[in-house]
Amino acid sequence: MGVRCSKLSACWWPPHFKSARLENGAAGEDGSGVPVFAEYSLDELRAATDGFAPDRIVSEHGEKAPNVVYRGTLFSSGRTVAIKRFGRSAWPDSRQFVEEARAVGLLRSGRLSNLIGCCCEGGERLLVAEFMPHDTLAKHLFHWEAKPLNWAMRVRAALYVAQALEYCSNKGRAIYHDLHAYRVLFDVDGNPRLSCFGLMKNSRDGKSYSTNLAFTPPEYLKTGRVIPESVVYSFGTIVLDLLSGKHIPPSHALDLIKGRNVSVLMDSCLEGHVSSSDGTEMVRLASKCLAYEARDRPNLKAVVSALVNLQKDASALSRTLLGIPQDTEKEESSEQMSFSSTGRAYATANLEGVHDILVNEGYEEDEIATFKVSLSSWPGQPAESIHVKKHGDDAFHSKDFMTLVECYSRFIDTGAMESPTMLVRRGFANIVLGRTEEGLQDARKAEGISPEWPTAHYLQGMALICLGMEPEGHEKLEIAGALEARRKGRTRTV
C-alpha cells in the first residue's frame, strides 16, 4: 500500500528530513521489492507518525518500559511502515542497537515483515519495518468478529512461520525472542508473515520473554537465556493456539494430549472441517515441539517438512482464505490506477516532478480564477508588495521553501491576495517541510477559489496519502485526473 517517490526527490530534500538512505543515493530497492536498510532521522519518523500521535498506535506492550508500534508514512517515499519506539530503558548501548538493527536489516524474505530502517538519536531507539495491514494471528484466532480462521489458513500460517524461522536460522539468526501469535502478521495479500522485531533482543541484558512464564521454554526458566531449540518450543505454543483457538498453557495442553483428550483441545469452530488424521498430525507436531528436553525437539527443517504434508488448498489465494473483502482488494489496488504523467508525479510523491509541474504552470490559474485582491490590507507600502511577491517566486524556483512560506504568507494571511497559485505553492512547500496538514489545508483553500483546477485536487491527493489516508487520497487523485482530462478536451476542441 501507499506510494513511492522517485529517486529525484532526494536531491533537494530538507536537511532535517534526510536519512542516510537518501544522502547515500540508495533510495531504491534491493531487488527483493523491499527498500534497502537505512538509518532515519528522528524528525522524519516524528513527521511520519504525526508527532507519534496516539491515533497512530497499532500496538503497545510492556509495563515498565512500554514499546509502542505506530503506523507511519515516510514522506521520503510515501511508503506506509510500522515504526517501533522502544522505552527509554531499552538498548542503553547505542552502538549495539545500530549493529543489531543493521544485521537484521540484511534479511529479506517474503515470510518476514522485513526491517527497513532504524533511528538512534539521543535516548531514542526506533525500528522501521514493512507495514502489515491485516492484523495479527492472535486477532484472527482469539478476537475474530465475522468468522473464525479456517483450517487451511491455520496450517498455512504455521508453515509460513516455520519457513520464516528456518530462513533466519540459515542466515545465522537462529534466535527469535518472545515468539507468540501476536508476532505473526498478515500482509496486504493476506499472507502470514513473521515480525522482524522479535529478531532483536529487547535490550543488552538478554531478556527475551515478556509473556506469561507458563508459556516460556523450560531452559529459559533455568538459565534466563534462549537457544535455537527454545524457538522451536515457542513455535509449538503457536501450533497449540492454531489448534485450540485459545492461548492454552503448554503444560495443560500436554496433559490433555497424554490423556487422549484431543477433542477437548481442538477449537470447536473447526468441528467437521478437519480430518481426524490431519488433526492428529498437528497435535503430534505440537507435542514434539513442546518436549521438555531441548534435545528432543525437532529441528526447523523437520517442522517445515511435516507442515508441507498437511497443506490444504495450497493453490488458494491467502486473501481468499483470510476472507479479505473484495472492496478492500479494490481499494488496495487503486494505487495501480492509470494516471497522466502529471497525475503520476503526485500519486508517487515525486517531489522533483511536482515542483517542475508547478513551475511550468506559473500563474496560469490566476488568470482564469476569480479571487480577492485587497492591497489595502497589505501591512506596508503597496510598492513593497511587488518586491515581496518576486522574492517569494524566486524562492519557489530555487526551492528555498522556508522563504517562500514567509513571503506568500504575507499576502495570504493578511487577506491582501487569495491567489490559488500562491496557496498551492505554499501548500507544496509546507508538505516538503513536513507540515503536511497545513499543506492539505492550503490545497483545499485553493480548491475553494478554483474548484475545477486539477492541481488543487492533485495536491490534496498527495497530502492525504502522505498522511496515511490512502482511500481518500486516491479518490482525490481520480477527481483531479478527470478534471485534467476535461480541460485537455476543451483545449483540443478550441
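The values are calculated or read from the model by the stated rules, or taken from the named source; none is laboratory data. No experiment lies behind these values; they were computed from the predicted model shown. Glycine also receives a Cβ, built like all others from the backbone with ideal geometry; neighbour counts cover every protein chain displayed. Keep in mind that these areas ignore ligands, DNA and RNA; they rest on the heavy atoms of the full protein, side chains included. Shrake-Rupley method; radii C 1.70, N 1.55, O 1.52, S 1.80 Å.
Dipole of the range 36-168 (Lys/Arg Cβ +1, Asp/Glu Cβ -1, origin at the Cα centre): which of S113, I83, Q163 lies farthest to the positive side?
Q163
With every protein chain present, what is the per residue accessible area of the range 224-281 (1.4 Å probe, Å²)?
Details: 2770 Å² over 58 residues.
Dividing the accessible area of the range 224-281 by its residue count gives 48 Å².
Step by step: find N for the range 288-327, compute 2.2 N^0.38 Å, then divide the Cα radius of gyration by it. What's the final number? Present the calculation step by step, with values, prior to reporting the outcome.
Values: Rg = 15.7 Å, N = 40, 2.2 N^0.38 = 8.9 Å.
Compactness ratio reported: 1.76.
Name the long-range amide H neighbours of V81: under 5 Å, sequence gap of 5 or more, or other chain; modelled H, no Pro or chain starts.
When sequence neighbours closer than 5 places are left aside, the close amide H contacts are G72, T73, L74.
Could you give me D for the range 437-485, from Stokes-Einstein at 20 °C and 1.002 mPa s, where the hydrodynamic radius is the Kirkwood radius over C-alpha pairs? Units µm² s⁻¹, please. Before the final figure, lay out the partial values.
Values: Rh = 10.2 Å.
Stokes-Einstein gives a translational diffusion coefficient of 210 µm²/s.
Which length gain, in nm to one decimal place, applies between R486 and L221 when the Cα-Cα distance is subtracted from 0.36 nm times their residue separation? Before the final figure, lay out the partial values.
Working: separation 265, 0.36 × 265 = 95.40 nm, distance 6.95 nm.
Computed gain between R486 and L221 is 88.4 nm.
Express the relative contact order of the range 421-494 as a whole percentage, based on alpha carbon pairs under 8 Å and six or more residues apart in sequence. Display every interim value, and only then the final one.
On the way: 91 pairs, mean separation 17.9, N = 74.
For the range 421-494, the relative contact order is 24 percent.
At a 10 angstrom cut-off on C-beta neighbours, averaged per residue, how do the peptides 293-303, 177-187, 307-317, 350-360 rank from highest to lowest?
Values: 293-303: 15.5, 177-187: 22.5, 307-317: 13.5, 350-360: 18.1.
The densest-packed peptide leads the list: 177-187, 350-360, 293-303, 307-317.
Separation of the range 267-299 and the range 73-150 by C-alpha centroid, Å?
Taking the Cα centre of each part, the range 267-299 and the range 73-150 sit 30 Å apart.
Roughly how many nanometres apart are two label points built 7 Å out from the Cα toward the Cβ at T320 and D296?
4.2 nm
Amide H to amide H under 5 Å from A38: which residues, 5+ apart in sequence or cross-chain, H placed 1.01 Å off N in plane?
Amide H neighbours of A38: G117, C118.
Which peptide among 82-93, 158-169, 122-133 comes first, and what is the full order, when sorted by highest mean count of other Cβ atoms within 10 Å? Please list the in-between numbers first.
Numbers: 82-93: 18.5, 158-169: 23.2, 122-133: 20.6.
Taking the mean over residues of other Cβ atoms within 10 Å, the ranking is 158-169, 122-133, 82-93.
Mind checking the dipole of the range 112-255: about its Cα centre, +1 per Lys or Arg Cβ, -1 per Asp or Glu Cβ, Debye to the nearest 20? Please report the intermediate quantities before stating the final value.
Values: 15 positive and 14 negative charges, 40 e Å.
That gives a dipole near 200 debye.
Working out 0.36 nm times the residue gap between V359 and T403, then minus their Cα-Cα distance, what length gain in nm do you get to one decimal?
Values: separation 44, 0.36 × 44 = 15.84 nm, distance 1.64 nm.
Here the answer is 14.2 nm.
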